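S.K.: Here it is: the structure, laid out below.
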Amino acid sequence: MQPIRIMDADFTLLGEIDTYTSLRWVRRWHKPGEFELRINPSLQNADCLQEDKMIFKAHATTEAAIIKHREIGVNEAGIEELIVKGPLLAGLIGSRITYPPLGKEHDYIHANIETIMKHFVRANFIAPSEPSRILSRLINAPDQARGDKVQFQTRYKQLDEELEKLSITSGLGWHVWLDTKRQLFVFEVIRGRDLTAGQNSYPPAIFSTDYDNIESQSYVSSAIGYKNVAIVVGQGDSGTPKLVTVGQQTGLQRQETFVDAKDVGPKEKEAESLTEAEVERMLQTRGRERLAELGRSESFESKLLANSNLVYRVDYDLGDMVTVVNKGWGITLDARITEMVEVFEPGGFRLDATFGNSLPSLIDKIKQTIGR
C-alpha cells in the first residue's frame, strides 16, 4: 500500500502509516481537492492523525492534505474504524478573504490571469497590510504571466472562490505544493498539456474501452441552465448605469443572463479611480466569468484501468486535454481532465477520472447565485 507520512505545522515528522483500510485522494483542477482515510484506530501512529496535522504520500511528497475532520465508529464488518478527512493543501487559500488595499473600496488589477492570481495570494497571505493575516511559510512560485490579460476586481470575497472563477475562465489550474526541504508551502498556477488526438506536439492520450484503458464510463451532455449572452450592468460617469453585452448569439440559440455589477465603476473617493476603458474591460470580464459558470455541461466520468497503455502522471495527468472515445455511443470528446480520484486499498489501486465539465452540485449552484 502507499505509505502515508504525518507532519505538524512546524514540518516535524510525527510518523508513518503503511496499513489502513482505504485512502481516497481527490485531485481537482479548478478548486482544492480532498482526501478521506479509513484506518483501525489501534494501529501504530493512528493517534497522530489529529486536526490540523498534515499528511502526504511517501512517494509524492509535494502533495499534502490537512486533517479537518475526525470520527470514530464501527464499520459494516463490526470493526472499530477511524475516519479522517480534509482538503488538499490548496484548501489553505480558502482561509482568507480578499481585502481591498488601504484607502480603496476594491482591489482591482489589469494583468495576465496568472499574475492576478498570484497578486491576490501575495496581498492576502504573503504581504498583507495587516500582519495577523500573514501565513509565514507560504510563497508564490515565479510568475510566468500566463493566461489572457483581463481587468479583475474583488472585495471581501473568499479567495479560493475568486481563484476558481479565474481558473474556469482561463483553463489554468492552481495548487499549493509542499516543499519539505525548504519547509514552505508554494502557491503555483499550472497549465495542462494538449494531448488530444489532433495535435502533433505530444504522443496523444486517447481513452476508450477499445484501447483497454477504461473499465467503465458514463456520459452527460446538458444545456440545463446554459447561458451564452451576459447583460452586464455597472456604473458609468456620474453614476449613470453602464451596460455591456458579452456574447453574440441570436434567435433560438440566444440564452441571456443578467449580471448585476453595480460595484464596478468610477469611484470618486479613490485617488486612482477607474477610467471608462477600465470599467468596460472589467464588465466584460464579469460577463465572461458568468458565462463560464453557466456553460454547457459535457463530461465523461470513467473508471480507468491503472495498468494500461497509458501511464498515469506520465502519459496523462490532471489538467491535460485528452480525447475520450466511445464508438458504441458514437461519441468523441476532446476534454480536460478536471478531477482524478486515487483510491488505495489492500486489494490494489484504482483510478476514477472526470473528463470535461460535470453538472454543478447544489452547493455550487448556491455559490453561483450568491456570487452574482
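S.K.: For region 147-167, enumerate the residues that are crowded, with 16+ Cβ neighbours inside 10 Å and over 14 Å from Ser95 (Cβ atoms).
M.R.: Of everything in region 147-167, those that are crowded, with 16+ Cβ neighbours inside 10 Å and over 14 Å from Ser95 (Cβ atoms) turn out to be Gly147, Val150, Gln151, Phe152, Gln153, Thr154, Glu164, Lys165, Leu166, Ser167.
S.K.: Check Ala90 against each of (1) aliphatic (A, V, I, L, M); (2) touching a His at 6+ places or on another chain (Cβ under 8 Å); (3) without any contact (Cβ under 8 Å) to a residue 40 or more places away in the chain and name the one condition it does not meet.
M.R.: Condition not satisfied by Ala90: (3).
S.K.: Find all pairs meeting these conditions: Cβ atoms under 8 angstrom apart; at least six residues apart or on different chains; first residue within region 236-258 and exposed (fewer than 10 other Cβ atoms within 10 Å of the Cβ); second residue hydrophobic (A, V, I, L, M, F, W, C).
M.R.: If the second residue must be hydrophobic (A, V, I, L, M, F, W, C), the pairs left are Gln248/Val229.
S.K.: Here's a follow-up. Quick check on Ser299: is it of a type outside the set (Lys, Arg) and touching a helix residue (DSSP H, G or I) at 6+ places or on another chain (Cβ under 8 Å)?
M.R.: On the way: of a type outside the set (Lys, Arg): yes; touching a helix residue (DSSP H, G or I) at 6+ places or on another chain (Cβ under 8 Å): no.
Considered against the rule, which asks whether it is of a type outside the set (Lys, Arg) and touching a helix residue (DSSP H, G or I) at 6+ places or on another chain (Cβ under 8 Å), Ser299 comes out as no.
S.K.: Please report, ordered by residue number, the strands (runs of 3 or more DSSP E) entirely within region 62-143 with at least 3 residues that are at pLDDT 95 or above.
M.R.: Answer list for region 62-143: 69-74, 80-87, 138-140.
S.K.: In region 1-40, what residues are acidic (Asp, Glu) and in a loop (DSSP other than H, G, I, E, B)? Step through it out loud before you land on a result.
M.R.: Looking only at region 1-40, we keep the residues that are acidic (Asp, Glu), and these are 8, 10, 16, 18, 34, 36.
Of everything in region 1-40, those that are acidic (Asp, Glu) and in a loop (DSSP other than H, G, I, E, B) turn out to be Asp8, Asp10, Asp18.
S.K.: Please work out which residue is farthest from the chain's Cα centre (by Cα), limiting yourself to region 33-70 and to residues that are within 18 Å of Thr21 (Cα to Cα) and among the β-branched types (Val, Ile, Thr).
M.R.: Result: Ile39.
The values are calculated or read from the model by the stated rules, or taken from the named source; none is laboratory data. No experiment lies behind these values; they were computed from the predicted model shown. Note that each Cβ is placed from the backbone with ideal geometry, even for glycine, and that neighbours are counted across all protein chains shown.
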